[in-house]
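Okay, structure first, notes after.
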Amino acid sequence: TRLQVSGSCLDVLQRCISWIDISLVANSQAIAILLNAIDTRHKWQCTPACECFRQMVLKGMPLDKKIALLEQLQLEGMLTALVLGPKPFQDEGKEEDADGFTWRLASLTSTLWEQLMSACKDLEGTENGNLRQVCQHHLSALFPVLTFFAQHASEEVAYKALPTIGLYVNFLRTNERACDAHQMSSLLQVVYQRLHHKAGECGEGFQEDDD
């Protein structure tokens, strides 16, 4: 079908982003195409379009250009609308695996978060205080999305976000200027709830074995 063909084209594109000139995909026309593909909410287009954005976020470049790229993409707005908006995306089926779009969104969120966090670390103690503030602003905007995925009913999705939360907790512990008591409390609560949920599942399993 037409959706499958266009999805295949996007799949080829995401495999090329790491080595082509970033300006070929980081422009208003290409970004609009990717956003429209995601807006179809059809897996043949959503999944490769999401991966295109993730490859753009991962692309190596000088720090100031990377932050400018993230500013241009404004991915936290798209992610927030998709998972926390009035009509959040829902995959078909009860279980979410690595082929599902929600898992891809969680992967994109974690990648974006880790890139921003890495930029904050690299800018610590430099004269680029404004760039660091930009990164922290994006982290704050992305915070509800990351915690949403960490608390997701699907373990596949949740465990894509939890390692990133662990990295961020450690980052907050070692960076007093970045530490936000409310965020730290929320993150620890998310981790506790997930561990408590997992312990409950294990307990039920042991109970069944005893019987």
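Shown here for region 124-164: GluC sites (Glu not before Pro) in loop regions (DSSP other than H, G, I, E, B) with at most 16 other Cβ atoms within 10 Å, namely E124, E127.
Hand me the chymotrypsin sites (Phe, Trp or Tyr not before Pro) from region 16-54 located in a DSSP loop with no more than 10 other Cβ atoms within 10 Å, in residue order please. Working shown, then result.
On the way: sites: W19, W44, F53; in loops: W19.
Sparse-neighbourhood loop chymotrypsin sites (Phe, Trp or Tyr not before Pro): W19.
Multiplying the residue separation of T174 and S118 by 0.36 nm and subtracting their alpha-carbon distance yields 18.8 nm.
Using a 1.4 Å probe over the heavy atoms of the protein chains, calculate the carbon and sulfur portion of the accessible area of region 1-51 as a whole percent. Please list the in-between numbers first.
On the way: 1840 of 3060 Å².
For region 1-51, the apolar C and S fraction of the accessible surface comes to 60 percent.
Summed over the residues of region 105-172 and divided among them, the accessible surface reaches 39 Å² per residue at a probe radius of 1.4 Å. Kirkwood radius for region 1-95, taken over all pairs of different Cα atoms as the inverse mean of 1/r, rounds to 14.0 Å.
Applying both filters, DSSP loop and at most 13 other Cβ atoms within 10 Å, to the GluC sites (Glu not before Pro) of region 1-96 gives E92, E95. At a probe radius of 1.4 angstrom, the accessible area of region 27-88 per residue rounds to 48 square angstrom.
The values are calculated or read from the model by the stated rules, or taken from the named source; none is laboratory data. If you're wondering where the values come from, they're calculated on a predicted model, not measured in any experiment. With ideal geometry, Cβ positions are generated from the backbone for all residues, glycine too; neighbour counts draw on all protein chains shown. Note: areas computed on protein heavy atoms with side chains; ligands, DNA, RNA excluded. Shrake-Rupley method; radii C 1.70, N 1.55, O 1.52, S 1.80 Å.
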